[in-house]
Amino acid sequence: MFDGYDSCSEDTSSSSSSDESEEEVAPLPSSLPIIKNNGQVYTYPDGKSGMATCEMCGMVGVRDAFYSKTKRFCSVSCSRSYSSNSKKASILARLQGKPPTKKAKVLQKQPLVAKLAAYAQYQATLQNQAKTKAAVPVEGFSWGNYINSNSFTAAPVTCFKHAPMGTCWGDIAEGVRVEVPNTDCSLPTKVFWIAGIVKLAGYNALLRYEGFENDSSLDFWCNICGTDIHPVGWCATSGKPLVPPRTIQHKYTNWKAFLVKRLTGAKTLPPDFSQKVSESMRYPFKTSMRVEVVDKTHLCRTRVAVVESVIGGRLRLVYEESEDKTDDFWCHMYSPLIHHIGWSRSIGHRFKRSDITKKQDGHFDAPPHLFVKVKEVDAAEEWFKEGMKLEAIDPLNLSAICVATVRKVLADGYLMIGIDGSEAADGSDWFCYHATSPSIFPVGFCEINMIELTPPRGYAKLPFKWFDYLRETDSIAAPVKLFNKEVPNHGFHVGMKLEAVDLMEPRLVCVATVTRIIHRLLRIHFDGWEDEYDQWVDCESPDLYPVGWCQLTGYQLQPPAPQSSRDSQSSSSKQKKKAKSQQYKGQKKMTSLQLKEELLDGEEYSFLQGTSDQESNGSASYYIKQEP
């Protein structure tokens with residue numbers, strides 16, 4: 001093992017996926033006031049109408065669909081951009097990781113998943129304009145410094161089964177020894193020395209050269225999956241020299257004996273560690289593959305898109321009809337938003353027929369086996385029905401769990417869900433959830449777990465009570481037994497750091513924190529931003545990654561907002577919290593995913609108190625039947 005020690009001193013067409021194109025818009029009930037904007041019809045449950053113009057992007061749309069009480073912005077995104085600009089902390093600063101100058105310009109934002117054409121036809125104009133400028137390389141942010149200076153803890157790699165090494169991380173922990181380049185050396189050639197892991201943060205490890213004892217002066221962070229990290233013994237088999245750092249070279253005369261003594265019984269990386277890393281970063285999706293993906297402008301339907309690039313398992317999909325390849329959509333290869341060609345037709349989901357009559361040269365359909373398989377369900381007996389009520393994460397505003405309704409029951413366990421009080425008249429903002437989705441919950445879930453439930457927009461009888469609402473709407477709740485109650489032993493704890501996709505802008509991966517845990521549900525906070533931008537995410541979401549994932553895969557990491565911006569946001573957040581009420585805040589939806597739930601007829605159920613703000617292990621039941 002120590003022989004390396006050197007004593008020197010220094011073919012299907014897109015149209016075939018469905019036989020039907022867009023469905024006709026159903027006639028509107030005469031009792032609902034309506035307004036038309038460029039051909040788009042909107043209804044107002046509260047009887048109010050009007051238009052508004054976004055002060056950030058200039059988008060014209062329906063006033064009630066705008067964000068905030070003042071209705072000044074079309075979305076949370078524009079509110080964030082406007083706020084950042086006015087506080088001299090623009091989006092440019094977020095991308096650069098440093099305070100902007102007074103002349104800093106706010107970047108034009110890419111069309112978000114949240115920008116629904118259902119709310120304003122201005123979205124179509126935005127798609128024809130120049131896209132967001134190329135992301136500015138992040139300078140100045142270091143995970144190691146960020147964690148050290150604040151004594152943060154990062155979520156372990158084993159929490160992310162979809163990430164590289166997530167299922168074969170093994171016993172890598174503090175105390176493990178590795179061979180790394182020796183940077184404290186004046187030799188002209190590259191030499192190595194042994195270091196021990198002092199602290200782990202995701203893929204990143206704080207290392208200390210062997211022989212420094214309690215001296216942390218030369219401690220350094222590195223990605224443990226990097227190409228320069230090797231198990232002890234690698235130098236000997238590779239013919240590389242082991243040279244002690246210059247700072248401690250005087251401490252011992254026989255370094256080989258020192259190493260033998262210190263490393264006896266110590267753990268190191270598996271011999272095939274680098275091979276496993278390489279294998280775990282091979283992705284089955286290839287460029288030019290065709291898939292069906294949610295239409296970001298009409299969430300109720302899917303479209304054909306082509307894989308343009310693959311980075312760390314994340315796919316940049318370009319809609320097939322986009323001639324300049326700028327109309328794109330980002331998601332992970334395990335996302336529930338993508339499917340094989342023909343999926344929509346097989347389950348009865350709406351599909352936008354492509355104008356392209358045949359596949360372009362080089363494009364080919366992605367094999368069905370590459371996509372995530374959903375659990376089989378038995379819909380033969382009692383099952384979801386149209387009109388049933390439930391609670392669901394609002395896919396267009398992931399910080400909110402809302403009152404929702406099952407609008408349509410599809411095949412294979414899929415459901416079309418609508419958020420009560422904020423639906424487009426033609427159902428263009430309905431979203432498809434599978435019945436086993438962890439993003440839908442039975443009636444009463446929020447109350448028992450002390451989560452604020454967002455009532456329907458315009459609903460005046462507050463505080464909201466499910467019993468009254470079900471009676472007023474003459475509806476029933478979806479039976480509790482139809483929901484997914486499985487809770488995996490995920491390993492997350494409140495306060496853990498990670499890298500998370502901002503689903504408002506799914507091309508961005510940001511520095512984030514787990515701030516709350518309800519069974520398998522995680523509340524993700526984006527460091528440096530206000531709490532209102534938090535998102536509810538499942539513990540097994542493919543949009544969550546360990547610290548160091550961006551560095552490992554070559555994806556750009558978005559650092560926290562500058563300190564000056566944080567202080568300003570903190571003061572404004574406190575003011576907002578004081579004025580907080582149970583009324584619908586009017587936030588523009590940011591993505592689309594929703595479902596429904598109902599209680600068994602003639603039976604009552606109560607809910608077990610959720611393990612709020614702590615790890616929930618095992619498949620503990622969400623709910624328990626109440627004894628008569």
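The values are calculated or read from the model by the stated rules, or taken from the named source; none is laboratory data. Please read these numbers as outputs of a predicted model, since none were measured by experiment. FYI the Cβ positions are ideal-geometry reconstructions off the backbone, even for glycines, and counts take in every protein chain you see. For accessibility, only protein heavy atoms count, side chains too; no ligands or nucleic acids. Shrake-Rupley method; radii C 1.70, N 1.55, O 1.52, S 1.80 Å.
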Checklist entry - Per residue Cα convex hull volume for region 388-473, in cubic angstrom? => result 99
Checklist entry - Between T167 and T515, what length comes free when the chain is fully extended (0.36 nm per residue of separation minus the Cα-Cα distance, one decimal in nm)? => result 122.8 nm
Checklist outcome for this item: Phi angles of region 475-482, converted by Karplus (6.51 cos²θ - 1.76 cosθ + 1.60, θ = phi - 60°) into ³J(HN,Hα) in whole Hz with x for Gly and Pro, give 10, 10, 8, 5, x, 4, 5, 7
Checklist entry - Between R353 and residues 5 or more places away or on another chain, which pairs have amide H atoms under 5 Å apart, with H built 1.01 Å from N, and which residues are they? => result E22
Checklist entry - Assuming a viscosity of 0.692 mPa s and a temperature of 37 °C, what translational diffusion coefficient in µm² per second does Stokes-Einstein assign to region 339-458, Rh being the Kirkwood radius over Cα pairs? => result 201
Checklist entry - So how much accessible area does V514 have, in Å² to the nearest 10, using a 1.4 Å probe? => result 0
Item to check | Relative contact order computed over region 388-473 (Cα-Cα under 8 Å; 6+ residues apart), in percent | outcome: 29
Checklist entry - Rounded to the nearest 20 Debye, what is the dipole magnitude of region 388-473 about its Cα centre when Lys and Arg each give +1 and Asp and Glu each give -1 at the C-beta? => result 180
Next on the checklist: Viscosity 0.692 mPa s, temperature 37 °C: give me the Stokes-Einstein translational D for region 172-269 in µm²/s, with Rh taken as the Kirkwood radius over C-alpha pairs.
Outcome noted: 241
Checklist entry - Expressed as cubic angstrom per residue, what is the convex hull volume of the alpha carbon set of region 283-370? => result 95
Item to check | Three principal axis lengths of region 469-537 [C-alpha, angstrom, descending] | outcome: 44, 28, 20
Next on the checklist: At R0 = 30 Å, how high is the FRET efficiency between V374 and Q556 if r is their beta carbon distance? Nearest 0.05 is fine.
Outcome noted: 0.45
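How much length is gained on full extension from D361 to R471, taking 0.36 nm per residue of separation minus their Cα-Cα distance? Display every interim value, and only then the final one.
Details: separation 110, 0.36 × 110 = 39.60 nm, distance 5.72 nm.
Gain in length upon complete extension: 33.9 nm.
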Checklist entry - When only C-alpha pairs under 8 Å and at least 6 residues apart count, what is the relative contact order of region 312-471, in percent? => result 16
Checklist entry - Quick one: with all protein chains in place, what share of the accessible area of region 286-327 is carbon or sulfur, to the nearest percent (1.4 Å probe)? => result 44
Checklist entry - What residue among G312, L337, H363 has its Cα farthest toward the positive end of the dipole of region 283-370, where the charges are +1 on Lys, Arg and -1 on Asp, Glu, each on the Cβ? => result L337
Next on the checklist: Per-residue counts of other Cβ atoms within 10 Å, averaged by peptide: what ranking do you get for 464-470, 320-326, 420-426, 452-458, highest first?
Outcome noted: 420-426, 452-458, 464-470, 320-326
Item to check | Gain in span if fully extended, S322 to S309, counting 0.36 nm per residue against the direct Cα distance | outcome: 3.2 nm
Item to check | Residue-count net charge about I248 - beta-carbon cut-off 12 Å; Lys, Arg +1, Asp, Glu -1 | outcome: -1
